[in-house]
Each structure stands twice: as structure tokens, then as C-alpha cells.
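The values are calculated or read from the model by the stated rules, or taken from the named source; none is laboratory data. Treat the numbers as computed from the prediction; the structure is a model and nothing was measured. Every residue, glycine as well, gets a Cβ built from its backbone with ideal geometry; the counts of neighbours run over all protein chains shown.
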Amino acid sequence: MNRVYNFSAGPSVLPVSVLEKVKSEMMNYGQSGMSVMEMSHRSSVYQEIINKTEASLRDIMEIPENYKVLFLGGGASTQFAMIPMNLMKNNKIDIVNTGAWTKKAISEARRFVEVNIVASSEDENFTYIPELDNSKFSPDADYFHMATNNTIYGTRFTKIPDTKGVDIVADMSSNILSEVYDVSKFGLIFAGAQKNMGPAGVTIVIIRDDLIGHAGDGVPTMMNYKTHADKGSMFNTPPTFPIYVCGLVFEWIKSLGGVSGIQKINEEKAGILYNYLDESELFSGIVKKKDRSLMNVPFVTGDADIDAQFIKEAGKIGLINIKGHRSLGGMRASIYNAMPVDGVKTLVGFMKEFEAAR
Ligand SMILES: Cc1ncc(COP(=O)(O)O)c(C=O)c1O
């Protein structure tokens, strides 16, 4: 097995045990005589798969009964338009701007509603989480949009804001299932699968019942949450194979003690990397310490040539996809749930060697 340590920001590493299970079931799932890829989504055997995926997610996230779980296509980016289309009433939303993905959410929402930016960290290239001042919030906002973790810059909210009753919509694409969240604090949570849940192709939307069913007549059928909620995500063909793999990943999380179990492992992994960044004379983190992500860790040497050399040499020993996002340069190690502790230890070991050799 020539597996590398893949630090990609997404699509990203999956648990080996899940990939092995997929492999073992590839030709003949259960006694069906076919791969999940070949199955009708209307078959009873597939219905069992999607039911189990949903039940496992509900279990590990402790999703309350009054929330629906939707399995949709179109990527998390489609949600930037779908959310305002479905949730607008007063045609006004609040948002905290913490990076490229909230900027995209802002520009899509502006097609439909007035957007009030309550705070932004753009002044320092999104390397911190801005303080939120309650007086900037709109009491009549349809919802408050935030990204709990910012994939590119490596920041995360460590507290969920108090919006005084305004529903919170959270983009959890890059940290869903990495730490414990109380779902009841949110009106809607959405996340593309391809970082912490499974292969690209399915977007999971967790939405409180009462937010469904208010879309205007102009909203296309496929963009209406009610369409998918009423049909158990089977109005049309859902991304069947990614949903199946997500189900296996959810079971894997259960086997590690659920989300709280994996959170401890994530804190350990991030701790190993951040501790070294704090003591290194060559490498340094770029994010304000209190706002550091557990999932995406950007760092630099301060010299673009040394960064390039480091990335190249790391690649030679199977530490791959650590080049930073083009907007920041340097390096970024994405250490999602499925990145083993050993992967982070190997990376830090190599960073130490590289530093010592200079
Ligand atoms: C926080 C966040 N939101 C949204 C997206 C967009 O996801 P998709 O590519 O599934 O549309 C990404 C992708 O990296 C992301 O990191």
C-alpha cells in the first residue's frame, strides 16, 4: 500500500477502514449482486442505506426530532443561493464576513435580499475572527449567516454568537463532525461532504422544520427545501454513492467515541502542530492564536523560496498537498477527522528535520 499523508483541503483523506469496506462491498453490496453505484435509488436495499446514513448522522450529532436532514447535490456553493431563496421573509440578512466563502455567500444573497455585514476580518486578510457587536445586528433579519470554520485562512469560531433569537445559518463545510455542536442553536447547518464526511457530490443540509415551506412561487422546484424534505431526499436521484460512503464514515466516527471522541483526537493533532509552530524559529502560524482552526493550519517561513523547497521536499516523502491557498501563499496542512495522528507527527518530524538542516 503506497498511501501518502494527504493534507488536501478538499476533497480530502478518508479513513482507510472505510475505503477497505467500500472495496470489499464494491462488486456485491450485501447480497444484492451489484455495487451501490449501480443500484436504483428507489430499491429497498438503497432505501436502507440512506436511512442508515441519516440515522447515524442523527445519532452522532444528536440532531433533534424537529430537524430534517437533506442529502442534496450542487455542492455547498448552491446553498449560498438556496438559503436566501427559502428563508427570506423580511428580505434582510446579517452575516459575519470571515473569508472567501462568506464573500461568496454575500454576493449570492445580494441577488435576493439586503445584506448587512455585522463584522469583517478582511482588513487583516481574514487571519482572525472579528468581535461581534450586538448593536450591529438587525433584530428583523431573516437569519444570521456564519462559517464556523474558514478553510482557506484556518480560523474558527470558538463561540456561537448570541443573535437574540435570529436564526443562525452555519456553513460547516470544513468542520462538521470535528467538534461537538448543539444543533438546536442553529436554524440551518450545511456542509459539502468532501472534507469531513465522504466523497464530493453530496451536500448535507440540517434544517429546522418550521423553516421549510416558505419559499415563494418563483423558487424553482429543485431549489425548494420542501421538495426534498417531502420526499426524503428522493424527489430526484440523490448522490447515491457518496451518501453510502458518508454512512460508513459516520459509523467510523461512532467507533471512535462519537464526535466528542474525535474532537479529543483533533485537539491532540492540532496541538502537536501548533505547539511546534509556536516554538519553531523557521515556521510560524499566521492566525491569531485564540481563533486557530482544528482543521486547517496555514503556516509560513516568510520566504517564498524556502516555502517552495519545503513543499517539494515534503512531497518526496509522501506529505502531499500542503501548498497554501493562492491568496495566502506558504503552506496549509488540512488535518481533517480522517488524518491520523501519525500523519501530523510525521509532518512535524519532517518540519523539525528541515529546520535543523538549515
Ligand atoms: C467553508 C466552505 N464553504 C463552502 C465551500 C464550497 O463547497 P463546494 O465546493 O461543495 O461548493 C467550501 C469549499 O471548500 C468551503 O470550504
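Per-residue answers, yes or no, for (1) surrounded by fewer than 24 Cβ atoms within 10 Å (Cβ to Cβ); (2) part of a loop (DSSP other than H, G, I, E, B):
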{"site": "176", "(1), (2)": "no, yes"}
{"site": "184", "(1), (2)": "yes, no"}
{"site": "190", "(1), (2)": "no, no"}
{"site": "248", "(1), (2)": "yes, no"}
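Does residue 247 satisfy the criteria of being more than 16 Å from the ligand (Cβ to nearest atom), under 30 Å from residue 112 (Cα atoms) and in the same structural domain as residue 151 (by TED's automatic domain parsing)? No: the conditions fail for residue 247. Among the candidates 292, 358, the residue that is in contact (Cβ under 8 Å) with a residue 40 or more places away in the chain, among the basic types (Lys, Arg) and farther than 25 Å from residue 263 by Cβ is uniquely 358. Taken together, 260, 233 contain a single residue that is surrounded by fewer than 16 Cβ atoms within 10 Å (Cβ to Cβ) and either assigned by TED's automatic domain parsing to the domain that holds residue 21 or of a type in the set (Ser, Thr, Tyr) (or both), which is 260. For segment 142-167, a residue qualifies if it is of a type outside the set (Phe, Trp, Tyr) and within 15 Å of the ligand (Cβ to nearest atom), and the qualifying residues are 145, 146, 147, 148, 149, 150, 151, 152, 154, 155, 156.
With the requirement that a residue be without any contact (Cβ under 8 Å) to a residue 40 or more places away in the chain, of a type in the set (A, V, I, L, M) and not in a loop (DSSP other than H, G, I, E, B), what does segment 125-174 give you? Selection gives 168, 170. Counting just the residues of segment 192-231 that are more than 16 Å from the ligand (Cβ to nearest atom) and among the basic types (Lys, Arg), which one comes out nearest to residue 142 (Cα to Cα)? That would be 208.
When segment 86-98 is limited to residues that are of a type in the set (A, V, I, L, M) and surrounded by fewer than 23 Cβ atoms within 10 Å (Cβ to Cβ), the one that is nearest to the ligand (Cβ to nearest atom) turns out to be 96.
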